[in-house]
Amino acid sequence: MRKVDPERQQAKRRQILEAAGDCFARRGFHATTTAEICAAAGMSPGNLFHYFPSKNAIIEALAEEEWRDTAAYFAAIDDDPADPLEVVLSFLDVVMVFASDRSYSRLALEVAAETLRNPVVCASVAAGDTEMRDGLAALLRKAAARGQIDPELDPVQSANWIAALIDGVFSRLALDTGFDPAREAPMLRRVVGRFLAKPGRGV
């Protein structure tokens, strides 16, 4: 019996996910066929279904990957950053870099739409959202303790509103083709900075 090569399997999964992600971003999840994914990935249907039994399984894997990436991002943050407010604002910069990638932003909207139809996708997106909001709230508590932000702001509620702004960026991209995340990134920093600022102190 031929031995299983985990690295080769992982590379094949990655190849399929990247190809499928490009197809979903370009054509939409429901309009994309498995034949199109196979062509983009350069493999046969039998090979693709060996790794993913259905198209739904592919978008579920994409949603789970995004959740894992979000968790890894916040896990890598220093437990006691010298400037927690800057860490929050830098995260917004990272978001806007991803938003600037039209393929990524369109795929994010496709995944978000599937949360209404697919409970597995919904669970992964919800888990990633929780990781982000919990990570932001923890940073805001540290920023308040260091006197960087308004201590009267509830960190959980504030994190929820920052998350809502991030969601709004991707919704705006879907509606406004002239919205340029790279150009708007400083404004997002400014909006959040002023929202968090201590009374009488602008950012």
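Considering every residue within region 102-111, establish whether at least one is of a type in the set (Val, Ile, Thr) and closer than 16 Å to Ala63 by Cα.
Yes; the residues of region 102-111 include at least one that is of a type in the set (Val, Ile, Thr) and closer than 16 Å to Ala63 by Cα.
Tell me whether region 195-203 contains one or more residues that are farther than 16 Å from Val94 by Cβ and touching a residue at least 60 places away in the same chain (Cβ under 8 Å).
Yes, the conditions are met somewhere in region 195-203.
What is the residue count in region 10-19 for residues that are surrounded by fewer than 18 Cβ atoms within 10 Å (Cβ to Cβ) and under 16 Å from Asp101 (Cβ atoms)?
Of the residues in that region, 1 qualify.
Each row is one residue, and each column tells you yes or no for (1) open to solvent by less than 80 Å² (accessible area, probe 1.4 Å); (2) part of a helix (DSSP H, G or I); (3) in contact with a Phe, Trp or Tyr (Cβ under 7 Å, 6 or more places away or on another chain).
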| residue | (1), (2), (3) |
| --- | --- |
| Trp161 | no, yes, no |
| Leu165 | yes, yes, no |
| Phe170 | yes, yes, no |
| Phe179 | yes, no, no |
| Glu184 | yes, yes, no |
| Arg190 | no, yes, no |
| Pro199 | no, no, no |
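Please work out if Ala137 is in contact with a Pro (Cβ under 7 Å, 6 or more places away or on another chain) and open to solvent by less than 50 Å² (accessible area, probe 1.4 Å).
yes
Return the residues of region 20-33 that are open to solvent by 50 Å² or more (accessible area, probe 1.4 Å) and either among the polar types (S, T, N, Q) or free of Cβ contacts under 8 Å to residues at least 60 places away in the same chain (or both); say none if nothing qualifies.
Within region 20-33, Arg27, His30, Thr33 meet the criteria.
Can you tell me which of (1) more than 27 Å from Lys55 (Cβ to Cβ); (2) of a type in the set (Asp, Glu); (3) modelled with pLDDT of 95 or more is the one Glu114 doesn't meet?
(1)
Taking the condition within 18 Å of Leu85 (Cα to Cα), modelled with pLDDT of 95 or more, not in a helix (DSSP H, G or I) and not polar (S, T, N, Q), does Ile149 pass?
yes
Read through the list (1) open to solvent by 60 Å² or more (accessible area, probe 1.4 Å); (2) touching a residue at least 12 places away in the same chain (Cβ under 8 Å); (3) not charged (D, E, K, R), then give the number of the only condition that Pro6 fails.
Looking at each condition in turn, Pro6 falls short on (2).
Restricting to region 104-123, and then to whatever is within 11 Å of the chain's Cα centre (by Cα) and among the hydroxyl-bearing types (Ser, Thr, Tyr), can you tell me which residue is least open to solvent (accessible area, probe 1.4 Å)?
Once the filter is applied, the top-ranked residue is Ser105.
Taking the conditions exactly as written (within 16 Å of Ala163 (Cα to Cα) and either free of Cβ contacts under 8 Å to residues at least 60 places away in the same chain or open to solvent by 20 Å² or more (accessible area, probe 1.4 Å) (or both)), does Ala126 satisfy them or not?
yes
Show the residue pairs meeting these rules: Cβ distance below 6 Å; 6+ apart or different chains; first residue within region 52-73 and free of Cβ contacts under 8 Å to residues at least 40 places away in the same chain; second residue part of a helix (DSSP H, G or I).
Phe52/Ile58; Lys55/Thr34
The values are calculated or read from the model by the stated rules, or taken from the named source; none is laboratory data. It should be emphasised that the depicted structure is a prediction, and the values quoted were computed from it without experimental measurement. As a convention, Cβ positions derive from the backbone with ideal geometry for all residues, glycine included, and neighbour counts pool all protein chains shown. Note: accessible area is taken over every heavy atom of the protein model, side chains too, but ligands, DNA and RNA are not part of it. Shrake-Rupley method; radii C 1.70, N 1.55, O 1.52, S 1.80 Å.
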